[in-house]
C-alpha cells in the first residue's frame, strides 16, 4: 500500500510504500477511494494544540507516536475481512467512523466511542486514510452511504457529523430564536446547509472572507457578517436582539468572546474550533444569564448514520468538495492552514486532477 505520513512535526509529509495490512478477527480492510482533509490534521502536523499563555497540549502527551499516517475521514471498498467480521461483504462501499473507543468501557457500551477515555482514533492513534488502504477494527464502525458520491460522503463522518452533533446540542424553540455561527469553513458551511433544513429561523454566519460569506448566503444563511470589532452590534441589530444559540467553528479567544456577547439569556454556545488560546471567562455570567457553554467533539456512530440519512432525504445545500491526488496531501494541508479556497478538500488515491462536487 501507499501512504502519506508525518515523520517529524512541522516537516513535509512523506509518501511511503508499506506492507498492506491483513485483517484478523473482526477487522475489515478498506481500499480507500477518498479521504477528507480536516483542520485537525493541521494541528497534528504541528504536534498539538495551543492552550494559550505559552502552553501547548502535545500529541506526545496524548500518547501519539510517530510516524503517523493521517486521515480520519476515509471511505472506500471492502477489500478483505477477518474471519469474525460480519455484516459487510467484499466490494461493499462504506464510510469509516474513525472515533474508535476501547470497546469495553461504559461509554463505548452505550455507543459513545467519542467520549471514551482510551480512544484509538483512526488517523491519530491508528494509521489513517491518507493511504490506499486503511484497517478498521470492527464492521460496526462502517456506514452504508449508497447513493452518495464518495468524495462528498467522505466528509460526513467528520465535518457532517461535527455539524450535526453541534446542532443537536442547541434548542430553537421560540418564535424569536436565531442562531449565530462563527466561521464559514467546511464545517461551518455544512452546518448552514443542515440548519436551513432543520429550522425556519434566522441564521447568521460570521467570517473574514467575503467569498465564503457569499457561499454561506447561497446555502441558506439569512445574514452574513464580516468579522470585525463592531460586528456584535450588527448581529443583534440584524436579528432584533441576542441569539438563542451560537456555534463557534473557529475556537479563538476573540470568537469565543464574540459568541458570548451575542448570546441571549437561557441560550447555549457550542465550541468546536481548535484554533487555540486562552479565554478569561466572567464566571458569574453563566448562572446570572442561565447560559450553557458546551464543548462538542464529533459525535457517535449512530449520529453518523443519522447524518447520512438526513443528507439522502432532506438534500441540504452542500459545501463544495475539491478532490486532490494523495501525493499532494502536503499542499492540501498548507491550503487549509492558510485559508485558501472554500469548502472541503478530499484526497483521492491515483487521481491526477481536481474535481468539484457541490
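Please treat every number below as a calculation from the coordinates, not as lab data. Everything quoted here is computed from the prediction, not taken from an experiment. For neighbour counting, all protein chains shown are included, and Cβ atoms are generated from backbone atoms with ideal geometry for every residue, glycine included.
When each of 219, 225 is scored by the number of other beta-carbon atoms lying within 10 Å, the sequence from fewest to most is 225, 219.
Once the mean 1/r over all distinct Cα pairs of region 161-295 is inverted, what Kirkwood radius in angstroms do you read off? Answer for region 161-295: a Kirkwood hydrodynamic radius of 14.5 Å.
Once Rh is set to the Kirkwood radius over Cα pairs, what Stokes-Einstein translational diffusion coefficient, in µm²/s, holds for the chain at a temperature of 20 °C and a viscosity of 1.002 mPa s? This corresponds to a translational diffusion coefficient of 103 µm²/s. Taking all Cα pairs closer than 8 Å and separated by 6 or more residues, the relative contact order of region 161-295 comes to 22 percent. Sorted fewest first by neighbouring Cβ atoms within 10 angstrom, 199, 279, 99 come out as 279, 199, 99. If you model region 81-177 as an ellipsoid using its alpha carbon gyration tensor, with each semi-axis the square root of five times an eigenvalue, the axes come out at 27, 19, 13 Å, biggest first. Averaging Cα coordinates gives a centre for region 1-62 and one for region 238-313; these two points are 27 Å apart.
As a footprinting exposure proxy, order 65, 331 by other Cβ within 10 Å, with the fewest listed first.
Numbers: 65 8, 331 15.
Ranked by crowding around the Cβ, least crowded first: 65, 331.
Using a Gaussian network model of the chain in which every pair of alpha carbons under 10 angstrom is joined by a spring, one finds that among 245, 110, 191 the greatest mean-square fluctuation is at 110. Determine the distance separating the Cα centre of region 170-191 from the Cα centre of region 140-157; give it in Å without decimals. When both Cα centres are located, 24 Å separates them. Any idea what log10 I(q)/I(0) is at q = 0.17, 0.25, 0.29, 0.36 Å⁻¹ for region 203-242, Debye with uniform C-alpha scatterers and no solvent? For the requested q values the scattering log ratios are -0.39, -0.79, -0.97, -1.18. In plain terms, the chain from residue 171 to residue 65 could stretch by 34.2 nm, reckoned as 0.36 nm per residue minus the Cα-Cα distance.
Dividing the summed helix terms, -39500 (n - 2.57) for each DSSP H run of n ≥ 4, by the number of residues in the chain produces a 222 nm estimate of -7500 deg cm²/dmol to the nearest 500. Within region 1-41, all pairs of alpha-carbon atoms sorted by distance into 10 Å bins from zero give the percentages 21, 44, 32, 4. From the square roots a ≥ b ≥ c of the eigenvalues of the alpha-carbon gyration tensor of region 14-86, which class results: rounded (a/c under 1.5), prolate (a/b over b/c), or oblate? It comes out prolate by the Cα gyration axes.
Across all directions, the average flat footprint of the convex hull enclosing the Cα atoms of region 43-118 is 7.2 nm².
The mean of 1/r over all pairs of different alpha-carbon atoms in region 237-358, once inverted, gives a Kirkwood hydrodynamic radius of 17.5 Å. Note on region 125-210: the alpha carbon radius of gyration divided by the globular reference 2.2 N^0.38 Å gives 1.35.
Only Cα pairs under 8 Å and 6+ residues apart enter the sum, and on that basis the relative contact order of the chain stands at 19 percent. Rounded to a whole number of µm²/s, how large is the Stokes-Einstein D of region 1-140 at 4 °C and 1.567 mPa s, given Rh as the Kirkwood radius over C-alpha pairs? Diffusion coefficient, whole number: 83 µm²/s.
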